[in-house]
Each structure stands twice: as structure tokens, then as C-alpha cells.
């Protein structure tokens with residue numbers, strides 16, 4: 001069908017996969033063992049659109065986050081980055097809560113029919129981020145250095161170390177750099 | 001669960017019809033050439049090699065002819081940042097990014113496959129557009145990459161190119177015996193007719209691919225209005241650009257987001273739909289996005 005889509009110029013965006021997110025709720029322990037402590041923060045990045053239904057979803061999200069904050073103690077914060085993408089930034093020292101809330105937010109966005117606007121979610125560790133690509137349902141490491149450079153060595157090492165526990169993106173050209181992560 | 005506004009079945013049907021007509025014209029052309037006693041296979045072989053080279057080296061040729069320069073992450077952080085995010089959204093490998101020194105605000109994409117793609121913008125485009133508009137234009141170009149427009153248009157123009165060469169050079173083969181002269185005349189006339197009809201069809205196809213890329217930009221960014229304002233800015237700026245730059249740029253029209261025209265060419269011969277039609281189509285998408 002991909003061939004036909006290209007032939008007729010139909011642009012389809014892939015549906016997000018969110019179940020693989022949970023792989024991180026155990027894999028973070030191995031990260032700790034390797035010396036990369038989770039910083040207790042994660043973020044969901046999505047592109048806001050011009051639609052009244054989108055604002056509805058945003059207020060629903062706020063409600064939901066207030067509710068889950070009282071249960072798990074996850075603190076959340078909305079922020080727009082330099083590329084006009086919106087971030088829901090979560091802070092929680094309990095990493096499993098972080099993963100569960102990230103999953104919950106992703107699910108809510110999908111339920112509101114804005115699934116194609118989900119770009120990625122990001123989990124911060126010491127010196128490195130793990131980025132979850134919704135379209136692929138895979139993670140990849142992103143270790144930014146100064147001057148828009150990446151610590152490739154560290155990223156490769158993490159791939160080999162984490163491969164058995166996390167679904168790591170196999171195609172290296174899909175390890176997209178993501179500059180301007182606001183946390 | 002794809003959304004209705006993301007599809008335009010009319011557009012797909014028109015594309016199919018155009019491609020089908022091209023196919024018919026080409027089949028008839030092959031028939032006439034073989035009837036006139038021409039070895040179709042060697043002609044196809046040579047044209048095939050030529051077009052394949054053109055397709056295979058499209059990125060290098062276009063970069064060379066436009067003077068585009070590949071830029072790194074640190075040289076153009078904003079441009080790279082926008083493209084990275086659009087590529088995640090569109091599920092494309094990140095293409096190379098190039099900048100062209102030019103006073104004409106424009107952008108193009110080329111390359112034989114998504115992995116070999118190059119997306120280029122002019123310096124003037126970077127100066128004139130705001131971030132949202134730039135993003136919309138880049139999403140339009142990435143849709144060309146995703147739809148493999150370089151390949152589609154190369155294949156579509158295969159026999160048209162053969163016909164063009166026959167029109168130009170067949171006349172030199174004349175002067176043999178009379179029977180051969182007659183068949184050369186037949187082949188020559190057929191070539192002219194095929195060349196004209198196929199050129200029109202290819203241009204129609206190219207216009208449909210533009211509509212598809214506009215739609216793709218709306219799907220990827222979720223903001224059809226950003227592309228509208230970018231198109232208006234680009235076309236407004238284009239009326240005021242100096243002419244010697246235009247002459248250089250003319251050959252590149254089919255790849256640009258907005259073509260450069262010195263006179264008002266007939267719409268039929270244009271590689272791009274008119275601005276009014278593009279904006280109308282985008283506004284329709286915008287309306288349907290809100291309604292769904």
C-alpha cells in the first residue's frame with residue numbers, strides 16, 4: 001500500500017504505538033546500574049493545531065493531570081518550545097509513576113483523535129535522554145553535547161547495553177536529534 | 001481510523017486518469033514506431049540509460065545547477081531542528097539540508113529516494129518567512145520526498161523524452177530511399193503529437209503532485225493556514241525580484257514550491273497550479289479539519 005500511497009500522493013501518518021512505553025518502567029533499573037540515574041523528569045511533545053477541539057483536549061488534559069497528581073504526586077507543567085511544539089513536562093521521583101502518567105497522557109491525546117499530533121516522549125537520565133518514537137514504538141538514546149553535537153559513543157554503548165530490555169530503534173537514520181528539549 | 005479530511009479522492013482519480021492517458025499515448029507511440037520500422041528496443045535502451053542517470057544523480061545535478069550548499073546542524077540549527085521534527089512526524093529519514101544564496105524566496109526537494117533526498121531553501125526564503133511558514137514549506141517539500149515525485153515524474157516523462165529527441169533528430173535521418181522517407185515522416189509526426197500531448201499530461205500530473213504536496217504539508221503540520229501565508233509571501237515577493245536571477249532559475253521550475261514566470265504562461269503549460277487554486281484547496285482542508 002505504501003507504493004500506491006506514493007503513486008497517488010496520499011500522505012498518511014502512522015498510528016502511534018504506546019504499549020512499548022512500559023518497557024522503560026523496568027529497564028530504568030539497568031540504566032541506574034550502568035550509572036545513568038533518571039533525573040525524575042519526562043516530557044510528552046506534541047504539535048498543537050488550530051482547532052477548537054484541540055483546546056478542549058488541552059483542558060481535559062489539565063483536569064486529568066490534576067487528578068493524577070493527587071494520586072501519584074506527579075507534578076506537571078505545560079510549556080511551548082522554540083519550535084512551537086507543546087510539551088507536558090512531568091516531574092516525579094518514582095520512575096514507574098512517570099512512565100504510567102506519560103502513557104496516560106498519550107492515551108488521552110489518542111482518545112481525543114489527535115493521535116497524529118503526538119511527536120515523541122522523552123525521558124531524562126544523567127547526560128542522556130531516551131526518546132520514545134510513537135510512530136515506530138521504539139526508543140533511542142540522545143546524548144546532546146554543546147554546539148549541536150551528539151555523543152555518538154555514549155549512544156552506541158547504551159544501545160548495546162539496553163538492547164535486551166528496551167525496544168531500541170534499529171534504523172540508525174531514525175535516531176533523529178531533538179534539540180531544544182525544555183528540561 | 002484515517003480522517004476524511006486527509007484524503008482527496010478526486011485528486012487521486014485525476015492523477016490516475018492522467019497516468020493512464022500517458023500510458024495509452026506511450027503504447028500507441030511504441031506501436032507507430034515499430035510499424036514505421038524503427039527498432040524501439042535500442043531507442044528505449046539509450047533513453048533508459050539517460051533518464052536513469054538523470055534520476056540517479058538528480059541530487060548532485062540539482063545541487064550543482066542551483067549552487068546549493070549542504071549545511072550542517074551547527075551551521076543552520078533552526079532549519080535542521082524543524083526538519084528533524086517534521087521527519088519524525090512524517091516517518092522519513094532525515095534528508096540532507098542545503099541553502100541556496102538567492103534573492104528569490106524558494107525551496108525545493110530532490111534525490112532519487114528518501115534516503116538520498118536533499119531539501120533546499122534559499123537565503124531569501126529564510127529571511128522572509130517566519131518559523132511557522134518555513135515549517136509549512138519544508139513539510140510541502142518533504143511530502144514531495146515521501147511521494148517520490150522525482151521518480152514518478154522521471155518515469156512519466158520517459159517516452160516523452162524519446163519523442164522529443166526523435167522530433168529534433170529524426171529529420172537528419174532523411175534522404176534515404178522513398179519508402180524509408182515515408183516511414184520517417186510518419187514517425188516524426190507521431191513523435192511531435194506524442195511529445196505535445198505527453199508534455200501537457202505530465203504538466204497536469206505535476207500540478208496534481210503539487211496539490212498533493214500542499215495537502216501533505218497540512219496533514220504533517222496540522223496547520224494549512226501556515227502554508228497559505230507562506231505561499232502568499234513567496235508569490236508577493238516574487239513579483240519584485242530582479243530579472244537576471246530569474247533567467248538562471250528558470251530551468252528549475254518543476255522542483256520549486258512556486259514557479260518563476262516572467263510572463264503569464266497559459267495555465268495548461270504550467271508545472272504548478274495557480275496560487276488561487278492552491279489556497280482554495282488549503283482553505284477547504286482547513287474547514288474540514290475543524291468540522292470532523
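Each reported figure results from applying straightforward, stated rules to the coordinates on display, with no laboratory input. Everything quoted here is computed from the prediction, not taken from an experiment. With ideal geometry, Cβ positions are generated from the backbone for all residues, glycine too; neighbour counts draw on all protein chains shown.
Counting only DSSP beta bridges with both residues in the protein assembly as shown, what percent are antiparallel, rounded to the nearest 5? List each step's numbers first, then the result.
Values: 37 of 43 bridges.
The antiparallel proportion sits near 85 percent.
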Legend entry - P(r), alpha carbons of the stretch B:79-207 - 10 Å bins starting at zero, rounded %: 12, 30, 22, 17, 12, 6, 1
Legend entry - Partner chain coverage, peptide B:86-97 - average Cβ within 10 angstrom: 5
Legend entry - Sorted peptide list for A:145-151, B:138-144, B:47-53, criterion being average Cβ within 10 angstrom, highest first: B:138-144, B:47-53, A:145-151
Legend entry - Fewest-first sequence of B:56, A:132 by Cβ atoms within 10 Å of each Cβ: B:56, A:132
Legend entry - Rg(Cα)/(2.2 N^0.38 Å) for the protein assembly as shown, N = residue count: 1.13
Inset, instruction - Normalising by the residue count of the stretch B:4-291, find the relative contact order in percent from Cα pairs under 8 Å and 6+ residues apart. - result: 22
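Ranked highest first by average number of other Cβ atoms within 10 Å, how do A:65-77, B:122-134 line up? Mind dumping the intermediate values first?
Details: A:65-77: 14.7, B:122-134: 18.1.
Most protected by this proxy first, the peptides run B:122-134, A:65-77.
Assuming R0 = 45 Å, can you tell me the calculated FRET efficiency for the pair residue A:170 and residue A:70, based on Cβ-Cβ distance, to the nearest 0.05? Don't jump to the answer; show the numbers that get you there.
Values: r = 40 Å, r/R0 = 0.89.
E(calc), rounded to 0.05, equals 0.65.
Could you estimate the translational diffusion coefficient of the stretch B:15-100 from the Stokes-Einstein equation, with Rh from the Kirkwood formula over C-alpha pairs, at 10 °C and 1.306 mPa s, in whole µm²/s? Kindly include the intermediate steps, with their values, before the conclusion.
On the way: Rh = 16.9 Å.
Taking Rh from Cα pairs, D becomes 94 µm²/s.
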Inset, instruction - Would you please report the Å³ per residue occupied by the convex hull of the alpha carbon atoms in the stretch A:14-167? - result: 110
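Tell me, in nm to one decimal, what length is gained between residue B:185 and residue B:126 on full extension, where the rule is 0.36 nm per residue of separation less the Cα-Cα distance?
Working: separation 59, 0.36 × 59 = 21.24 nm, distance 5.21 nm.
Contour length minus the Cα-Cα distance gives 16.0 nm.
Sort B:73-79, A:124-130, B:158-164 by packing, meaning the average of other beta carbons within 10 Å per residue, with the highest value first.
Working: B:73-79: 15.4, A:124-130: 19.1, B:158-164: 22.1.
Per-residue mean Cβ counts within 10 Å order the peptides as B:158-164, A:124-130, B:73-79.
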Inset, instruction - Please average, across the residues of B:214-222, the number of beta carbons from any other chain that are within 10 Å of each residue's own beta carbon, and give a whole number. - result: 4
Legend entry - R0 of 60 Å, Cβ-Cβ distance residue A:19-residue B:35: FRET efficiency to nearest 0.05: 0.45
